[in-house]
Structure formats: structure tokens, C-alpha cells
Amino acid sequence: MIQDLHAHTYYSFCCQDKPETVIETAIASGIQQLGICDHSYGVGCARTELCWDKGTRLDANYENTLVRYFDHMRLLRDKYAKRIKILCGIEVCTLMGKDSYALPYSADISFFDFALVENLDDPNSFLNGDIFDFAKRWGCPIGIAHTDLFKFCAMRGEEPNRYFKRLAEAGIFWEINVNYDSLHSFKQHDYVSEFFKNKTQQEIVKKSGIKLSVGFDGHIAREYKPQKVKTACQLIQNMGIKLAFENKIF
């Protein structure tokens with residue numbers, strides 16, 4: 001399977017592309033499974049009074065905007081069902097601060113197909129490095145976005161074999177982020193390059209049973225580079241490691 005589980009649309013304030021443009025680009029590129037995964041604050045703050053004029057709002061009411069976004073993605077899933085499999089995801093910010101908009105505690109994303117959690121390794125994250133309680137709380141499949149988990153283990157004194165096994169047992173998947181566009185200054189993630197050449201890391205991941213996802217993290221459709229996605233998917237599957245949702249029907 002060729003999947004890209006990290007695509008952004010105009011629901012993310014840092015992207016201008018219509019969802020249809022993103023989907024059509026993926027179809028033309030030979031992607032079989034596409035996860036649209038807009039930023040939680042972009043989706044939730046569609047009504048600006050929720051946060052942009054008041055700073056961080058963990059008590060904000062995202063109910064209507066989350067449902068509206070999900071319903072839109074579901075309509076697109078049905079529209080393109082014969083051409084590509086669409087999943088509705090959301091990228092969850094966990095940073096707290098003046099210009100950060102963490103997903104409110106009251107938000108319900110249990111009906112989403114999945115959520116990608118960012119900032120796990122950031123000292124300003126309210127997770128404090130603990131993804132497990134967070135994953136239980138939200139009620140939908142959880143993935144860890146663009147994070148060097150081997151570096152994270154070393155930083156926290158975690159034994160990688162044990163930690164990856166815990167992730168697998170909790171049903172948490174790990175994103176291999178292959179982004180390369182102007183929004184990210186055409187910088188590649190070092191952890192991805194290291195993983196694809198490090199046999200020890202590959203063996204730890206394979207033995208743990210954790211599933212991986214591949215995401216381009218695209219914000220500009222015209223800069224999409226599908227070959228990076230395809231290569232990553234093929235390398236992972238050649239290792240005997242499963243991709244997230246590869247056999248699940250939505």
C-alpha cells in the first residue's frame with residue numbers, strides 16, 4: 001500500500017489549498033490512502049473568537065468546528081471512494097504558551113479516524129513526555145508525528161525495545177515524515193534518514209510490532225513529491241513492518 005497520512009488543506013492556516021486540490025494531487029501521484037490531517041487550532045479556531053483574540057484557551061468550545069471539518073472530510077471520502085481511500089485525521093498541538101493553541105481538554109475527537117500528536121519531545125508540551133495517558137483519553141487511533149523516538153528514548157532514559165513495545169501494545173503508531181517543501185525550508189528529518197540506514201533501529205521496530213505511517217506533511221500541493229512517499233512506504237513494507245491502517249476499511 002502507498003499511503004500518505006499527513007496532508008494539510010486550507011483548514012490549516014499555513015495552507016491555502018482546497019481539500020479537493022490536495023486529493024486530486026494525491027490521486028494523480030498514485031497515492032492509494034490519504035489522511036487529511038489539519039492542525040487542531042486551524043480547525044478549531046475557524047471561529048476566531050475561540051482563541052485568536054484571547055490567547056490559549058483550553059476551555060474553548062471546538063464542538064461545532066470539529067464536527068463541520070469531519071463532515072466535510074466524510075463527504076469527500078464518499079465522493080472519491082472509487083479513486084482513493086480518504087481518512088479524516090487531525091494534527092494535535094500540545095504546546096502551551098502565548099502563541100500556542102493546544103487542543104482544549106473538552107474537545108471530542110473520538111469519532112476521527114486518527115490523530116497525529118506533535119510536540120511530544122518539546123519541554124513546553126503539556127504531555128510532559130507521556131503519550132500513553134493522552135492516547136487513552138482521546139478515544140481514536142493515535143500516531144506520533146515527526147519525532148525522533150530513538151533520541152527521545154535516550155533523552156528520557158527509556159530502553160528502546162521496551163518503549164516501542166509499549167507503544168505497539170497501546171496501539172500507538174509512529175510517523176515517518178518525509179516532508180520536503182518550502183514551508184519547511186526544504187529540510188529533511190534526520191531521524192528518517194537514520195532509520196532507513198540503521199539496521200538496529202529497524203530490528204527494534206520490527207520486533208516491537210509497532211506500526212508506522214508515512215506522511216509528506218504537505219502544505220503546498222504544487223510542491224508535492226510523491227516519490228518520497230512511495231519510496232518510504234516500499235522500504236518499510238520490504239522490512240516486514242506494517243503500515244498503519246493498511247488492512248482497515250473505513
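Residue by residue, region 103-113 carries 3J(HN,Hα) couplings of 4, x, 4, 7, 5, 10, 10, 4, 8, 6, 5 Hz when phi is fed to the Karplus relation 6.51 cos²θ - 1.76 cosθ + 1.60 (θ = phi - 60°); x denotes Gly or Pro.
Near VAL117, the amide H atoms lying under 5 Å from its own belong to VAL92, GLY143, ILE144, ALA145; only residues 5 or more places off or on other chains count, and H is placed 1.01 Å from N. Summarising the amide proton neighbourhood of GLY35: residues at separation of 5 or more, or on other chains, whose placed amide H is nearer than 5 Å comprise ASP4, LEU5, HIS6, ALA7, LEU87.
The mean of 1/r over all distinct Cα pairs in region 1-49, once inverted, gives the Kirkwood hydrodynamic radius of 11.3 Å.
Using a probe of 1.4 Å on the protein chains alone, the accessible area found for ILE241 is around 10 Å². As a fraction of the 1.4 Å probe accessible area of region 198-245, surface on carbon and sulfur atoms comes out at 48 percent. Summing charges over all other residues whose Cβ lies under 11 Å from the Cβ of GLU159, with Lys and Arg as +1 and Asp and Glu as -1, gives +3. Shape analysis of region 80-216 places it in the rounded category; the axes a ≥ b ≥ c from the Cα gyration tensor give an a/c below 1.5. A Förster radius of 22 Å, combined with the Cβ-Cβ distance separating GLU63 from CYS140, puts the computed FRET efficiency at roughly 0.90. Extension gain, ILE220 to GLN16: 0.36 nm times the residue separation minus the Cα-Cα distance gives 72.7 nm. How high is the FRET efficiency from GLN32 to ARG166, r the C-beta distance, R0 35 Å, rounded to 0.05? Result of the calculation: an efficiency of 0.70. In this simple spin-label model, placing a label point 7 Å from the Cα along the Cα-to-Cβ direction at both ASP133 and LYS79 gives a separation of 4.2 nm.
Solvent-accessible area per residue in the chain equals 45 Å², computed with a 1.4 angstrom probe and all protein chains kept. When the helices of the chain are scored as -39500 (n - 2.57) per DSSP H run of n ≥ 4 and the total is divided over every residue, the value at 222 nm lands at -10500 deg cm²/dmol. Taken along the Cα-to-beta-carbon direction at a fixed 7 Å, the label points for SER110 and ASP71 span 2.0 nm. Extension gain, GLN227 to ASP148, is 26.2 nm, computed as 0.36 nm per intervening residue step minus the present C-alpha separation.
With both labels modelled 7 Å from their Cα along Cα-to-Cβ, the LYS248 to LYS199 distance reads 3.3 nm.
Our note on the geometry: Cα centres of region 216-250 and region 167-190, 11 Å apart.
The values are calculated or read from the model by the stated rules, or taken from the named source; none is laboratory data. Since we're looking at a predicted model, the values are computed, not measured. Counting neighbours? That spans all protein chains shown, and the Cβs are built from the backbone with ideal geometry, glycine included. For accessibility, only protein heavy atoms count, side chains too; no ligands or nucleic acids. Shrake-Rupley method; radii C 1.70, N 1.55, O 1.52, S 1.80 Å.
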